[in-house]
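Novice: Here it is: the structure, laid out below.
FYI, it's all coordinate maths here, none of it is from the lab. Here the structure is a predicted model, which means the values were calculated and not measured. Glycine also receives a Cβ, built like all others from the backbone with ideal geometry; neighbour counts cover every protein chain displayed.
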Amino acid sequence: MIEYENLAKANKFFFDEFKSFFSEFLEKGWFILGENVKKFEEEFAKYCGAKFCVGVASGLDALILALEALDLPKGSEIIVPSNTYIATILAVVRAGFKPVLVEPDIRTYNIDPLKIRESITKNTKAIIVVHLYGKPCDMDPILEIVKKYGLILLEDCAQAHGAMYKNKKVGTFGIGCFSFYPTKNLGALGDAGAIVTDDEELAEKIKYLRNYGSFKKYQFDYIGYNSRLDEVQAGFLRIKLKYLDQIIEHKRKLANIYLKELSDEFIKPVVSNDNYDVYHIFNIRYKNRDHLREYLLQNGIKTEIHYPIPPHKQKALKSIVRGDYPISEEIHNTTLSLPISFFHMEEDIYRVVEVLNNYLKHHR
């Protein structure tokens, strides 16, 4: 069986360093906002090419705290892609704002800059772009829109650690919000997140917000949260950050096999010279996706669907999001995520390709 993901196998490479760190961590006895959080923030900011990084409890919290720290007017509209993971939209709602869904480009699955302009109103205050699957958005036209309309740009980089647009790391075009959920290319061993920015005042405010609204013990300046990056997770992340480029290069090598060997009857990710894609997810699209997925399983290959139900069809958002989003629905109805983990070998991917191409011989 070729598994879609196996976190024990994906992290085995780091086990010795994890164990060594954890033993030292236990002996020191400092478990909240210690030196590991501080050092990880410094190291991740440097990796991204940003001045500041603030570690928080999750990727969702990174988005919520970044939005709340902006002090936007009540009732502000925030533009988000219609095919994003629900966390992007939940953050807007939790921060007290109105999500405005904009359709993606069917080729890239990222928000379509041409459609952003159509959705801007006098109440639009910010745009959250999502670098979905690890592919950077088309940033030049988005930055033009941001500048023209005086909007704030946030980047949901939950799936795009290390991805670059024209040699510039994602998360540094606006306010970068990251998740370190265990399956990510840079994954913790539990929930974790971070915000990167060049705005020192914003970074300092988020540090207050993540810690009950306090920066000095028992003194509270804001209505805050308990959303601190866990000290032990920061230590694990520091270890894996040293190898992040190696992880990415491995996944890019596997992705290249899919791109070269897989039949063009499957809709594969587009490749652009402007983009350095990191393939957190390698997705294809196929009209009879569910039948294909079952065939793969019968042949010993597990897959996933990111994501089976679009946000506007979710019960939780029924009273919040209205409208028709046919491009989003097309993507959600046909997308299939193929195995592409750090533990997969090239022979695993060649086997997946073989089974997929054989499917077409019998099911055209």
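Novice: Report, by chain and number, residues whose modeled amide H sits under 5 Å from the one on residue 228, excluding near sequence neighbours (fewer than 5 apart, same chain).
Specialist: Counting only residues 5 or more places away or on other chains, the set is 57.
Novice: Consider a paramagnetic label point 7 Å from the Cα of residue 239 along Cα→Cβ; state which residues of the stretch 12-38 have an amide N under 11 Å from it.
Specialist: Hits in the stretch 12-38 for residue 239 at 11 Å: 12-25.
Novice: Continuing with the same structure: What distance in nm separates the two pseudo spin-label positions at residue 16 and residue 1, each 7 Å out from Cα along the beta-carbon direction?
Specialist: The two pseudo-label positions are separated by 3.0 nm.
Novice: Can you tell me which lysines have their Cα less than 24 Å from the Cα of residue 9? Leave out same-chain residues fewer than eight positions away.
Specialist: By straight Cα distance, residue 9 reaches 19, 184, 240, 242, 251, 253, 302.
Novice: Right, another one. Can you tell me the mean projection area, over all orientations, of the convex hull of the chain's alpha carbons? Units nm², please.
Specialist: 18.5 nm²
Novice: What distance in nm lies between label points placed 7 Å from Cα along the C-beta direction at residue 199 and residue 8?
Specialist: Between residue 199 and residue 8, the label points sit 4.5 nm apart.
Novice: Shifting gears a bit: Based on DSSP H runs of at least 4 residues, each adding -39500 (n - 2.57), what is the mean residue ellipticity at 222 nm of the chain after dividing by all its residues, to the nearest 500 deg cm²/dmol?
Specialist: When only DSSP H runs of four or more count, the value is -12000 deg cm²/dmol.
Novice: Now, a different point. Rounded to whole Å, give me the distance from the Cα center of the stretch 175-190 to that of the stretch 298-348.
Specialist: 19 Å
Novice: Right, another one. Taking the Cα-to-Cβ direction at residue 28 and at residue 261 and moving 7 Å from each Cα, how far apart do the two end points lie in nm?
Specialist: 4.4 nm
Novice: Non-local amide H neighbours of residue 102 (under 5 Å, H modeled in plane, Pro and chain starts lacking H): which ones?
Specialist: Result for residue 102 returns 80, 82.
Novice: Pop out the ³J(HN,Hα) list for the stretch 324-329 in order, Karplus 6.51 cos²θ - 1.76 cosθ + 1.60 with θ = phi - 60°, rounded to Hz; leave Gly and Pro as x.
Specialist: 9, 9, x, 5, 4, 5
Novice: Next question. Work out the FRET efficiency for residue 148 and residue 320 from their Cβ-Cβ distance, taking R0 = 30 Å, and round it to the nearest 0.05.
Specialist: Numbers: r = 28 Å, r/R0 = 0.92.
Using R0 = 30 Å, I get an efficiency of 0.60.
Novice: What percent does the relative contact order of the stretch 7-241 come to when contacts are Cα pairs within less than 8 Å and at least six residues apart?
Specialist: Details: 477 pairs, mean separation 62.3, N = 235.
Relative CO of the stretch 7-241 lands at 26 percent.
Novice: Explain nothing, just the number: relative contact order of the stretch 82-167, from Cα pairs under 8 Å at least 6 residues apart, as a whole percent.
Specialist: The normalised contact order for the stretch 82-167 reaches 26 percent.
Novice: Further, regarding this structure: Over 10 Å intervals from 0, what percent of Cα-Cα pairs in the stretch 244-362 sits in each interval?
Specialist: 12, 40, 31, 15, 2
Novice: Subtract the Cα-Cα distance of residue 38 and residue 313 from 0.36 nm times their separation in residues, and report this length gain in nm to one decimal.
Specialist: Values: separation 275, 0.36 × 275 = 99.00 nm, distance 4.05 nm.
Difference between extended and current length: 94.9 nm.
Novice: Excluding same-chain residues fewer than 8 positions from residue 318, which lysines have a Cα within less than 26 Å of its Cα?
Specialist: Filter leaves 74, 98, 115, 122, 125.
Novice: Follow-up. If packing is taken as the average count of other Cβ atoms within 10 Å, what order do 148-159, 77-88 fall into, highest mean first?
Specialist: Numbers: 148-159: 21.0, 77-88: 23.6.
Final packing ranking: 77-88, 148-159.
Novice: Per residue of the stretch 39-52, in order, report the coupling 6.51 cos²θ - 1.76 cosθ + 1.60 (Karplus, θ = phi - 60°) as ³J(HN,Hα) in whole Hz, putting x for Gly and Pro.
Specialist: Per residue, the Karplus-derived 3J(HN,Hα) values read 5, 4, 4, 5, 6, 6, 4, 4, 4, 6, x, 10, 7, 9 Hz.
Novice: Which cross-chain or sequence-distant (5 or more) residues have an amide H under 5 Å from the amide H of residue 112, H modelled 1.01 Å from N in plane?
Specialist: Residues meeting the criterion, in which the H sits 1.01 Å from N, are 105.
Novice: Go ahead and run the numbers for FRET between residue 166 and residue 363, Cβ-Cβ distance against an R0 of 56 Å, rounding to 0.05.
Specialist: 0.90
Novice: Same structure again: To the nearest 20 debye, what is the magnitude of the charge dipole of the chain about its Cα centre, counting +1 on the Cβ of each Lys and Arg and -1 on the Cβ of each Asp and Glu?
Specialist: So the magnitude is around 480 debye.
Novice: By how many nm would the segment from residue 215 to residue 274 lengthen if fully extended, with 0.36 nm per residue of separation less the alpha-carbon distance?
Specialist: 17.1 nm
Novice: Relative contact order for the stretch 244-362: what is it in percent, counting Cα pairs under 8 Å that are at least 6 residues apart?
Specialist: Relative contact order, the stretch 244-362: 36 percent.
Novice: Post the alpha-carbon centroid distance, the stretch 21-94 to the stretch 211-247, in whole angstrom.
Specialist: Centre-to-centre distance over Cα atoms comes out at 8 Å.
Novice: I've got another one for you. Determine ³J(HN,Hα), in whole Hz, for all residues of the stretch 341-355 in sequence, where each value follows from phi through the Karplus function 6.51 cos²θ - 1.76 cosθ + 1.60 and θ = phi - 60°; x replaces Gly and Pro.
Specialist: Once θ is set to phi - 60°, the couplings for the stretch 341-355 become 9, 4, 8, 6, 9, 4, 5, 4, 5, 4, 5, 4, 4, 4, 5 Hz.
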